[in-house]
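Asker: Take a look at the following structure, please.
Computed from the coordinates by the stated procedures, all read-outs in this text should not be read as laboratory data. If you're wondering where the values come from, they're calculated on a predicted model, not measured in any experiment. Ideal geometry is used to build each Cβ from the backbone, glycine not excepted, and the neighbour counts take in all protein chains shown.
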Amino acid sequence: MAGEDALRPGTLAGPLAGPLADTAAGEPVAAGDRGDGPPDLARRIPITNDLDIVAARVEGRNLAREMGFGIIDQARIATAISELARNVVLYAHSGEIVLSRVGVDEDRQVEEDVRHPEGSPQAGPGLEIVCRDYGPGIPNVEEILNQHPAADGDAGRETRSSLGMGLSGTRRLMDEFQITSTVGVGTTVVARRWLR
């Protein structure tokens with residue numbers, strides 16, 4: 001597909017930073033190639049349409065199940081992936097989701113120096129979702145993230161952006177969430193859920 005050929009490698013600034021590997025559509029990404037984890041294959045799903053959203057959701061749920069996440073966390077992860085992928089289709093038209101294990105060594109044993117968010121009870125590995133697009137970017141990220149669904153009595157008020165509902169919902173579902181967006185360049189979201 002033409003949209004898949006338009007994907008470019010990118011980087012993410014901040015505490016979850018690391019260059020993302022550039023691969024042909026459908027090829028696995030070696031997490032170790034990103035410089036942030038063991039050489040464990042990640043799952044890359046190009047996103048251009050509704051069927052890709054379903055494929056990404058299924059891959060995420062399967063990886064969560066393989067890692068030992070309970071049914072509720074599997075649903076949270078699948079929902080977060082759906083929300084992020086839906087935003088790609090609606091606003092950027094093409095992008096990708098990369099799913100990988102974090103916090104495990106080559107033998108898939110929990111690394112001793114895994115850093116979890118301060119105050120978190122996690123002791124195990126995590127699942128990382130990287131959603132990247134090269135769409136128009138988001139000029140008002142903080143405003144979008146702080147949107148809340150309108151109450152029933154607010155029917156006459158201006159409709160809020162579904163973009164904000166997907167991003168803020170994803171942030172609530174995951175343990176870690178970071179977004180980097182540049183107008184005219186695109187958006188990258190990194191979200192992690194830690195195995196409890």
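Asker: Please report Thr182, Thr188 as a ranked list, fewest other C-beta atoms within 10 angstrom at the top and most at the bottom.
Answerer: Thr182, Thr188
Asker: Using Cβ counts within 10 Å as a stand-in for footprinting exposure, how do Val189, Val89 rank, fewest first?
Answerer: Val89, Val189
Asker: Kindly put Tyr91, Tyr134 in sequence by how many other C-beta atoms sit within 10 Å of each C-beta, fewest to most. Can you show the working numbers first?
Answerer: On the way: Tyr91 18, Tyr134 21.
Neighbour counts put them in this order, fewest first: Tyr91, Tyr134.
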